[in-house]
Amino acid sequence: MINKHRLLLSVFAVVLAVRSHAVPPTIPTLPAPVRDGRLTVETALSARRSVREFRHEALTLTHISQLLWATQGISGAEGGRTAPSAGALYPLEVYAVIGRVENLAPGVYRYRPQDHALEYVAGGDRRAGVAAAALGQGWIQEAPLVVVIAAVYSRTTRKYGQRGHRYVHMEAGGAGENLCLQAVALQLGTTVVGAFDDAALQKLLHLPQDEQPLVLIPVGKPR
Ligand SMILES: Cc1cc2nc3c(=O)[nH]c(=O)nc-3n(C[C@H](O)[C@H](O)[C@H](O)COP(=O)(O)O)c2cc1C
């Protein structure tokens, strides 16, 4: 009887220890996005090239704010976003896999366009896991940030049926290009990555069952 009691206490202690470890980090408020940068669209278009070698330098919260806003942020009073969306149904979900960013613990964060904020998903530096899921593209783990664009197809197919799949892919392309051009304006480099194992990435990033990862975009200061 005493042994059983002890066992229960030990289990309770382990549960408490595990739970206290799982306490999410304090998430800083993102600075408001800048809407009047100096670089012209033409200059950004001319300068964009895939970058796969990054300096070992941290990004800042200002970078994260600007990059996520460009990808899927709210830009209009009525909730319109920086990228177009079929039927304004907004099937995309954007995640930041943080490796080396000042004042932000490594981990996976979901971007909430509604309040331009980050939501904690999972802790720990997951960049090596992302590189492994991307069929061993090792250079990815050197990027201080990897943006993942995922989608909930049903938000769009509910209205547009099968054709909705095409629309979702078009939207991911548009949002991804926004990110790449914004990165150029911040003197950062990106590469659009499409080669990865969907299931491995979904598990690593704790994506909900109905969210499919569509594109990875590592970001960093070009070497
Ligand atoms: C849909 C798509 C998937 C891609 N997948 C990868 C990838 O898995 N790994 C990679 O290193 N580059 C990938 N790229 C980047 C292309 O290799 C690159 O855009 C192309 O070589 C043209 O070079 P540029 O981007 O410098 O103009 C991908 C690009 C696109 C559009």
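Nothing in this text is a laboratory measurement; each read-out follows from the coordinates by a stated rule. Just so we're clear, the structure is a prediction, and the values are computed from it rather than from any experiment. Note that we place each Cβ from the backbone using ideal geometry, even for glycine, and neighbour counts take in every protein chain shown.
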Subset of the range 99-136, residues buried (at least 22 other Cβ atoms within 10 Å of the Cβ) and of a type in the set (Val, Ile, Thr), comes to 108, 130
Breaking point among (1) within 16 Å of the ligand (Cβ to nearest atom); (2) more than 23 Å from residue 186 (Cα to Cα); (3) assigned to a helix (DSSP H, G or I), for residue 141 = (2)
Exception for residue 84 within (1) out of contact with any Gly (no Cβ under 9 Å at 6 or more places or on another chain); (2) in contact (Cβ under 8 Å) with a residue 40 or more places away in the chain; (3) at negative phi; (4) not in a strand (DSSP E or B) falls at (1)
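Of 220, 194, which residue is within 16 Å of the ligand (Cβ to nearest atom), under 17 Å from the mean Cα position of the chain (by Cα), crowded, with 23+ Cβ neighbours inside 10 Å and not hydrophobic (A, V, I, L, M, F, W, C)?
Working: 194 fails: crowded, with 23+ Cβ neighbours inside 10 Å.
Going through 220, 194 in turn, just one is within 16 Å of the ligand (Cβ to nearest atom), under 17 Å from the mean Cα position of the chain (by Cα), crowded, with 23+ Cβ neighbours inside 10 Å and not hydrophobic (A, V, I, L, M, F, W, C): 220.
Looking at the range 116-123, can you tell me whether even one residue there is away from the ligand (no atom under 14 Å from the Cβ) and either touching a helix residue (DSSP H, G or I) at 6+ places or on another chain (Cβ under 6 Å) or assigned to a helix (DSSP H, G or I) (or both)? Walk me through it before giving the result.
Residues of the range 116-123 away from the ligand (no atom under 14 Å from the Cβ): 116-123.
Checking which are either touching a helix residue (DSSP H, G or I) at 6+ places or on another chain (Cβ under 6 Å) or assigned to a helix (DSSP H, G or I) (or both) leaves us with none.
The answer is no, given that none of the residues of the range 116-123 is away from the ligand (no atom under 14 Å from the Cβ) and either touching a helix residue (DSSP H, G or I) at 6+ places or on another chain (Cβ under 6 Å) or assigned to a helix (DSSP H, G or I) (or both).
One line per residue, one yes/no per condition, for (1) more than 30 Å from residue 154 (Cα to Cα); (2) surrounded by 15 or more Cβ atoms within 10 Å (Cβ to Cβ):
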residue	(1), (2)
39	yes, no
54	yes, yes
57	yes, no
61	yes, yes
66	no, yes
69	no, yes
74	no, yes
86	no, yes
91	no, yes
Go through the range 40-57 residue by residue and tally those that are more than 11 Å from residue 181 (Cα to Cα), assigned to a loop (DSSP other than H, G, I, E, B) and away from the ligand (no atom under 11 Å from the Cβ).
-> 4
